[in-house]
Amino acid sequence: MAKSFEELYCWQQARELTNLVYILTKKPEFGDFSLKDQVCRAAVSIISNIAEGFERGSKEEFLYFLYIAKGSCGEVRSQLYVALDQGFITKQEFDKAVEKCKQVSGLLYKFIEGFKSEGYSGLRHKKTPEQIEKLTHW
């Protein structure tokens, strides 16, 4: 298990997606402030929820936040369609960003499925050497 959320490949790729979204929305052609704000917030939500879930300390909470991150990834993808339809981004930019969204969403799906099947119960339930010693010696 990773020691920090920054070590998680899904977080690293979500960070790249967030940077890509910010690059696209900084263009002068991206004229809708509300859409710009919403797509940026959704992209930030992906990396933030991965990090928050990791730091919560229990498997159940981590899974909950991973699902939220995956949902936010879908939100970004949907908003990219609006940006394309309104002429704020080119088809090439759209294709690149949507491909990155699909990659991140797929990584989150695989991570969630693998994590659900592991015996990991979360950092909150991790026993210290002293606790293990007390449990094994009467």
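In the range 73-81, the condition of being touching a residue at least 12 places away in the same chain (Cβ under 8 Å), in a helix (DSSP H, G or I) and of a type in the set (Val, Ile, Thr) is met by at least one residue. Taken together, the residues in the range 6-47 that are part of a helix (DSSP H, G or I), surrounded by fewer than 18 Cβ atoms within 10 Å (Cβ to Cβ) and among the aromatic types (Phe, Trp, Tyr) amount to 3.
Pairing residues of the range 25-54 that are under 17 Å from ILE112 (Cβ atoms) with residues that are of a type in the set (S, T, N, Q), at Cβ distances under 7 Å and at least 6 apart in sequence or on separate chains, gives SER45/SER72; ILE46/THR18; ILE46/SER72; ILE47/THR18; ASN49/SER72.
Taking the range 96-117, which residues are more than 23 Å from VAL21 (Cα to Cα) and touching a Lys or Arg at 6+ places or on another chain (Cβ under 9 Å)? Scanning the range 96-117 gives ILE112, PHE115, LYS116. Filtered by the rule that a residue be at pLDDT below 50 and either crowded, with 16+ Cβ neighbours inside 10 Å or of a type in the set (Gly, Ala, Ser) (or both), the range 83-137 gives no residues.
The values are calculated or read from the model by the stated rules, or taken from the named source; none is laboratory data. What you are looking at is a predicted structure, and each value in this text was computed from that prediction instead of being measured. Using ideal geometry, Cβ is built from the backbone for each residue, glycine included, and neighbour counts are taken over all protein chains shown.
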